[in-house]
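Contents: one structure, followed by commentary.
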Amino acid sequence: MTDTPQDLPEGASKRLAELEHGLFTSDLSVNEFLLIKEVGFHPLGFVMGSSIYHTGIQTRKWGQSQELTKLTEAMYNARELAMTRMEEEAAELGADGVVGVRLDVNYYEWGKDAAEFIAVGTAVKAENGVSHRNKLGKPFTSDLSGQDFWTLMQTGHIPQGLVMGTCVYHIAHRGIGQTLGSAGQNVELPNFTQALYEARELAMTRMQDEANQLDASGIVGVRLEEKSHQWGSHTIEFLSLGTAVVKTSDEVTLPAPTTIISLDN
Amino acid sequence: MDDVPGDLPEAAARRFSEGAFTSGLTVPDFAACLQMGLEPAGYVQGFCVMKWGSWQFYPGAGPYGGYGPNVAGTHGGYSESWQCPHGFVSAEHRVWGQNYEQPWVEDAWANGFTSAYERLIEEASALGAHGIVGLVDTSAPLGDLGVLEFRVQGTAVKVKDGPPPADGRPWTTYLAGQRLAKLIEAGYMPVSIAATVASVRVWASCITAYLTEGTNPGWTSQAVGAEIEQTARAQMAVRRIARERVRAQLGGDSLHGASMGTRERELGEGDADLECILRGNRVRRFKEFDPMPAPRPTVRLS
Amino acid sequence: MTGPAPLAADRPDGSAGDATSGDIRKEMLAAAQSLDRSAPSPAAAMTSDLSIDEELTLHSIGWEPIELVYGVSLHSIPMGVWNWGQGEITHASSAFARSFAAATDRIHHECARSGGHGVVGVHVERTVDRHHIGIALTGTAVRPVGAKKLPSTDSVFVSDLSGRDFTLLQGSGWVPLGLAAGASFVYAPRRSMGTAMKQTSQNVELTNFTEAMYAARESAMERMQRSALALQGTGVVEVKVTEGPMEFAHHAIGFSAYGTVIRLVAGQHRNLAPRMVLPLDDPVRGVEATALRGA
């Protein structure tokens, strides 16, 4: 993980320089833009990072359900690279954090066994000049929408970072074939269950470890995604994502909500 | 409900005499209509099938029928030409190009739509309706037969304690339910729907053909990557004509909630048939402009 | 057995249920009655593609729609441009830029001619074809109610903000200036990628190709920023980013970004202080029509 902006392409520096002169860009909706201003933050600019990574499948024992550690590492590194570059762009702008982060994976026909990992978001900065960077001194990242960011800030918490844990798991072939021999009865497939359970646990534990590194009080907005990418149906990546948060004050400024009955469908 | 206009098919007469109403409205729209004092009287529709696509026998279509430019420009309407700058003629190299409006297509569409619409009005009048809401109109080719079917459908309603329409023709609108209620609250009354089609043919000049095919840049004597001016002007014209045609139908009223869609059919070598359909609600102010106060922004917690 | 309470329409005495529904009935009745006697007022004739919600929000800040407006342009791409090459496909990038600029110019002109002070709700349609790139913009010209034509067309704005977003920003002290767009088209690195991958058995980053894609994205964004700066804006909101291979040439990738440029005109940003609400609706269950009558 490199810290120097030399990692970013030349075009990026030029674009970021323009943003530092006062122009901001963002893919936030108008609603999100206004809500971010409400909690005292101002958008600085659209930031992004990407990495094209070779994600070819490694050899493995077909009869055994196991984690494919090399692939796990690859998926993790690729996303880390993309996120880090996005954070570097944000740091270059002097941002306190990045909101509305989206992680995407692109596959191209012409590059089998390779995928492009992209992280995009909007860099923001507190208007009162007080630094809101996280424990590691880097801009916080979060995939919270502008609305969720506003609500979170009202509860006296602030995001620290988008945390993720990933695990690429291979589900044994033979195990399923054997059990399906007794098809017709509705039974649990214990090997399958065990395998999925373990994979998900690994992903979530790794995510929690990242949150601990940031001294977080908790993780909000956790979701678990399962994808086979280009590997066929017996190999699945389990990706656990969430936003680590830290409590900044005991004061909750949320006023009591008004209850309404909406008159529109 | 006893005397059904002679034009309506027998099946419609049977349907109306049965008594219970049918409605194409969704449940929330239905509930909203009742709250506004609009009582559904029946589901009404109108159809018309037109022969479509062969224009050579249409009057005014010029010496090439509908397939070539009108040399004399006798059909009127929008027309623009471009001369070939190259100074030679060959079988494949046109002497000039022309954008021209195709009033025969526009009139045929208007005929088909109006016929379907008039049948809808007849059905609604037979029910004693005051208005028709939730109108849906489509025009679609029927299989491969070279025909276009026009369909208009909606829910006929009566305004509780309201007057029957003075000229016997119910008012019509695409809106229904809550959106109609808001339109009324904003001070507008629907008069009728308005819909029109504009049709422009691009008879490509040599330059347009080269630019569209990307060939022979040397012959275009234009910078590489130039604007395809003829086609751009046709695109602007077809929209302008649609807007003008709709305005002519408005009679001074306003068009609300319009939708404009354009379709291009490429005929090869830069030639194209452009069609723009514009439809919307013709509405009229019935009370002074009285805006709501600025709404209060909220953030919802769910 | 008691069924659900009947709607106001079914009450035997025909009375309305509550004050608001009574009002809307009166309004509907008055509106229907007005048709006989009214003639349209020529001054009012407008054409608009805004929804009623958008119109109501505009009305609440004293603005009105006046005319449906549009702008279209297309620029040609010479033959052979999409064949596999290296780096940026400059013809495509510049065709996009020129079409966007010309289309924006035309809709701007249409708006000014109709007396509008700006266009809202612009719908942007991009067509990328083997031989041309075209942009079509459609929107509604608006102005403060009854306002006259602006003396200079420079301040006429074009924006893809909805009527609602326009109203919200106005309330906070921001105005739209125009649309900013940027695009870049590049060739994908093919054979060299295959070679590179065969050379490594490890799962590693392919740095050259990363650089190529990353650079293309940045370039599209940077061009958008430049057009925003040219309008002297403070920021660009609701940026829409699209990227992907061309349908007709899978090895060519296009990146584009566009959004509305805004500027702060009030001394400083005015906070909205939104109220938090907790809706008590559940998803509506289907109700049988027969239950409303005769139970």
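Annotations for the structure displayed:
- Members of the stretch C:123-165 that are out of contact with any Gly (no Cβ under 6 Å at 6 or more places or on another chain), within 14 Å of chain A (Cβ to nearest Cβ) and either at pLDDT 95 or above or not in a helix (DSSP H, G or I) (or both): C:S159, C:D160, C:L161
- Residue check: A:K37 meets all listed conditions (1) surrounded by 21 or more Cβ atoms within 10 Å (Cβ to Cβ); (2) in a strand (DSSP E or B) but one, namely (2).
- The set of residues in the stretch B:131-160 being modelled with pLDDT under 90 and on the phi > 0 side of the Ramachandran plot consists of B:G143, B:G146.
- Residue in the stretch B:172-184 that is part of a loop (DSSP other than H, G, I, E, B), touching a helix residue (DSSP H, G or I) at 6+ places or on another chain (Cβ under 8 Å), under 21 Å from B:A110 (Cβ atoms) and within 12 Å of another protein chain (Cβ to nearest Cβ) present: yes
- Of A:A74, A:A12, A:A90, A:A78, all but one fail to be modelled with pLDDT of 90 or more, small (G, A, S) and over 30 Å from C:S162 (Cβ atoms); the exception is A:A78.
- Residue match in the stretch A:126-143 (condition: part of a strand (DSSP E or B), at pLDDT 90 or above and surrounded by fewer than 20 Cβ atoms within 10 Å (Cβ to Cβ)): yes
- Where a residue in the stretch A:136-151 is under 19 Å from A:M86 (Cα atoms) and among the charged types (D, E, K, R) and its partner, wherever it lies, is at pLDDT below 90 and outside any helix (DSSP H, G or I), with Cβ under 7 Å and at least six apart: A:D143/A:G221
- In this entry, B:I207 passes the filter for residues that are outside any strand (DSSP E or B) and in the same structural domain as B:E264 (by TED's automatic domain parsing).
- Looking at B:V202, B:V197, just one residue is in a strand (DSSP E or B) and within 30 Å of B:A91 (Cα to Cα), and that residue is B:V202.
- Residue check for C:L229: closer than 28 Å to A:G40 by Cα, more than 9 Å from every other protein chain (Cβ to nearest Cβ), modelled with pLDDT of 90 or more and surrounded by 12 or more Cβ atoms within 10 Å (Cβ to Cβ): no
- Against the criterion of being at pLDDT below 85 and buried (at least 17 other Cβ atoms within 10 Å of the Cβ), B:E227 does not qualify.
- Filter result (over 27 Å from A:G146 (Cβ atoms), within 9 Å of chain C (Cβ to nearest Cβ) and not hydroxyl-bearing (S, T, Y)) within the stretch A:93-117: A:E109, A:W110, A:G111, A:K112, A:D113, A:A114
- The stretch B:153-166, residues that are in a strand (DSSP E or B) and over 18 Å from B:G257 (Cα atoms): B:Q153, B:T155, B:A156, B:V157, B:K158, B:V159
- Scan of the stretch A:131-158 for residues that are of a type outside the set (A, V, I, L, M) and either in contact with a Cys (Cβ under 7 Å, 6 or more places away or on another chain) or under 12 Å from A:V39 (Cβ atoms) (or both), ordered by number: A:H132, A:G146, A:Q147, A:D148, A:F149, A:W150, A:T151, A:Q154, A:T155, A:G156, A:H157
- Exclusive hit being farther than 25 Å from B:R263 by Cα, surrounded by fewer than 16 Cβ atoms within 10 Å (Cβ to Cβ), over 14 Å from the mean Cα position of the chain (by Cα) and modelled with pLDDT under 95, set C:S192, C:S172: C:S192
- B:L145 meets all of the listed conditions (1) under 21 Å from the mean Cα position of the chain (by Cα); (2) assigned to a loop (DSSP other than H, G, I, E, B) but one, namely (1).
- Filtered residues of the stretch C:82-102 (kept if surrounded by fewer than 17 Cβ atoms within 10 Å (Cβ to Cβ), aromatic (F, W, Y) and in a helix (DSSP H, G or I)): none
- Counted residues, the stretch B:148-161 - those being acidic (D, E) and over 14 Å from the mean Cα position of the chain (by Cα): 1
- Just one of (1) part of a strand (DSSP E or B); (2) at pLDDT below 90; (3) surrounded by 18 or more Cβ atoms within 10 Å (Cβ to Cβ) fails for A:N106. It is (3).
- When residues of the stretch B:247-302 are limited to those that are among the acidic types (D, E) and more than 25 Å from B:A181 (Cβ to Cβ), the one farthest from the other protein chains (Cβ to nearest Cβ): B:D273
The values are calculated or read from the model by the stated rules, or taken from the named source; none is laboratory data. Predicted, not measured: the structure shown is a model, and the values here were computed from it. Positions of Cβ are generated from backbone atoms using ideal geometry, with glycine treated the same way; all protein chains shown enter the neighbour counts.
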